[in-house]
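S.K.: I'd like to ask you about the structure that follows.
The values are calculated or read from the model by the stated rules, or taken from the named source; none is laboratory data. Everything numeric here is computed off the predicted structure, so don't read it as measured data. No Cβ is skipped: glycine too gets one built from the backbone with ideal geometry, and neighbour counts run over all protein chains shown. When the accessible area is computed, the model is the full protein with side chains, heavy atoms only, and any ligands, DNA or RNA have been set aside. Shrake-Rupley method; radii C 1.70, N 1.55, O 1.52, S 1.80 Å.
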Amino acid sequence: MSTALEPIHLPDWAWERAEVRQALRARDIGSVFRHVQQYAGASQARIAAAAGMTQARVNEIINGRREVSRLDVYERIADGLRMPDDARHLLGLAAAREKRTGGAAFDLAAFPEVVRVYAAQSSAAEEIQQQAREAKELDLLAVRGLGLIGLNDSLLRACLGTGLQLRVLLLDPDSPALAQRAAEIGESTESLASGVRLTEARLRELADACDISVYRYRLVPTWRLIRTDSTMFVGAFDAGWEGHESATYKVMETPHGPLFRGFRRMFEAIIDGAERTV
């Protein structure tokens, strides 16, 4: 039998090494794969067979040209590498026996959802764009959205693929909430409202390129969300700063974590009370 198809046996002590545990906590799969090569003597071909990937994809991950972000891929890797339960917990996954039996949830501390924190959106820009290019669903909660998607050189305008389902929530330009937000950032109500309307006009241009819907909400903006499938980038609005200036948290969907689910539920609730304009 080809060695590429042989199962990978990583010694128990290897999963307990500090550098391996740190890679799992950070969800740095490239580093995890390199440790598997080091401690199990596994080739890229064997790792690919175990994880259900192509060898080319494993090579990209090992060399930092691609990141893993989807929950089902983490599960496949964990199963393929026969991770012990404590290693699965560090990666943010349920224990293997819990998957089989549907047992009770573990301590939420064992399922970290916030996998990375950026000082501002600009620090996360490259990763957000990569995620958006590969996404099937993209949800945006913003105020005016010009810097996100409304202009040709905005963060996401050039990242939208064919078949993408895009939903955008913008602050209603005629609402008291917009006037309050304008005062908070020292901008005229007219200027901020004009920015929202410009973004709406530019988003109508995307109707032939993707499945797009745009809504106006009337709440005072608090959270700024970018969701790409099972990954979310979260910032905050406050008096004196714009959303892109906020610290940005990368939040991953996990089996028992409340953050991703809570933010997604909030997004759906805002849409339910919003007015669709595109």
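S.K.: Residue pairs, Cβ under 6 Å, 6 or more apart or interchain, first in the stretch 37-48 and over 16 Å from P11 (Cα atoms), second open to solvent by 40 Å² or more (accessible area, probe 1.4 Å) and in a helix (DSSP H, G or I). List them.
M.R.: Qualifying pairs under 6 Å: Q44/Q55; Q44/N59; A45/Q55; A48/Q55.
Let's see how each residue does on (1) closer than 25 Å to H89 by Cβ; (2) among the β-branched types (V, I, T); (3) at pLDDT below 90:
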site: A4; (1), (2), (3): no, no, yes
site: P7; (1), (2), (3): yes, no, yes
site: D12; (1), (2), (3): yes, no, yes
site: I29; (1), (2), (3): yes, yes, no
site: R34; (1), (2), (3): yes, no, no
site: A40; (1), (2), (3): yes, no, no
site: S43; (1), (2), (3): no, no, no
site: E60; (1), (2), (3): no, no, no
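S.K.: Can you confirm whether the stretch 2-21 contains a residue that is surrounded by 13 or more Cβ atoms within 10 Å (Cβ to Cβ) and within 21 Å of the chain's Cα centre (by Cα)?
M.R.: The answer is no, given that none of the residues of the stretch 2-21 is surrounded by 13 or more Cβ atoms within 10 Å (Cβ to Cβ) and within 21 Å of the chain's Cα centre (by Cα).
S.K.: To continue, here is another question. Identify, from the list F237, F263, the residue that is in contact with a Pro (Cβ under 7 Å, 6 or more places away or on another chain) and either of a type in the set (D, E) or open to solvent by 10 Å² or more (accessible area, probe 1.4 Å) (or both). Give the derivation first.
M.R.: Working: F263 fails: in contact with a Pro (Cβ under 7 Å, 6 or more places away or on another chain).
Result of the check over F237, F263: F237.
S.K.: How many of the residues in the stretch 39-80 are of a type in the set (S, T, N, Q) and crowded, with 19+ Cβ neighbours inside 10 Å?
M.R.: Total meeting the criteria: 2.
S.K.: Please work out which residue is surrounded by the fewest Cβ atoms within 10 Å (Cβ to Cβ), limiting yourself to the stretch 157-175 and to residues that are in a loop (DSSP other than H, G, I, E, B) and either aromatic (F, W, Y) or at pLDDT below 95 (or both).
M.R.: At the first step, the residues of the stretch 157-175 found to be in a loop (DSSP other than H, G, I, E, B) are 160-164, 172-175.
Next, from what is left, pick out any that are either aromatic (F, W, Y) or at pLDDT below 95 (or both): 160-164.
Numbers: L160: 18, G161: 13, T162: 7, G163: 9, L164: 19.
This residue is T162.
S.K.: Something else: Looking for something free of Cβ contacts under 8 Å to residues at least 12 places away in the same chain and not in a loop (DSSP other than H, G, I, E, B) - is there at least one such residue anywhere in the stretch 251-263?
M.R.: Scanning the stretch 251-263 turns up at least one residue that is free of Cβ contacts under 8 Å to residues at least 12 places away in the same chain and not in a loop (DSSP other than H, G, I, E, B).
S.K.: Name the pairs: first residue in the stretch 10-31 and of a type in the set (V, I, T), second residue open to solvent by 10 Å² or more (accessible area, probe 1.4 Å) and assigned to a loop (DSSP other than H, G, I, E, B), Cβ to Cβ under 8 Å, at least 6 apart or on different chains?
M.R.: Hits for this filter: I29/E67; I29/V68.
S.K.: Here is a follow-up. Is it the case, given these coordinates, that R167 is in contact with a helix residue (DSSP H, G or I) (Cβ under 6 Å, 6 or more places away or on another chain) and of a type in the set (D, E, K, R)?
M.R.: On the way: in contact with a helix residue (DSSP H, G or I) (Cβ under 6 Å, 6 or more places away or on another chain): no; of a type in the set (D, E, K, R): yes.
In short, no.
S.K.: Same structure again: Out of R216, R224, R181, R197, I need the residue that is in a helix (DSSP H, G or I) and either open to solvent by 10 Å² or more (accessible area, probe 1.4 Å) or of a type outside the set (D, E, K, R) (or both). Which one?
M.R.: Step by step, each of R216, R224, R181, R197 is checked, and only R197 is in a helix (DSSP H, G or I) and either open to solvent by 10 Å² or more (accessible area, probe 1.4 Å) or of a type outside the set (D, E, K, R) (or both).
S.K.: From the residues in the stretch 111-153 that are among the polar types (S, T, N, Q), over 11 Å from the mean Cα position of the chain (by Cα) and over 22 Å from V220 (Cβ atoms), which one is most open to solvent (accessible area, probe 1.4 Å)?
M.R.: Just the residues of the stretch 111-153 that are among the polar types (S, T, N, Q), to begin with: 121-123, 129-131, 152.
Pick out the ones that are also over 11 Å from the mean Cα position of the chain (by Cα) and you get 121-123, 152.
Remaining after also requiring over 22 Å from V220 (Cβ atoms): 122-123, 152.
Details: S122: 93, S123: 71, N152: 116 Å².
So the residue we want is N152.
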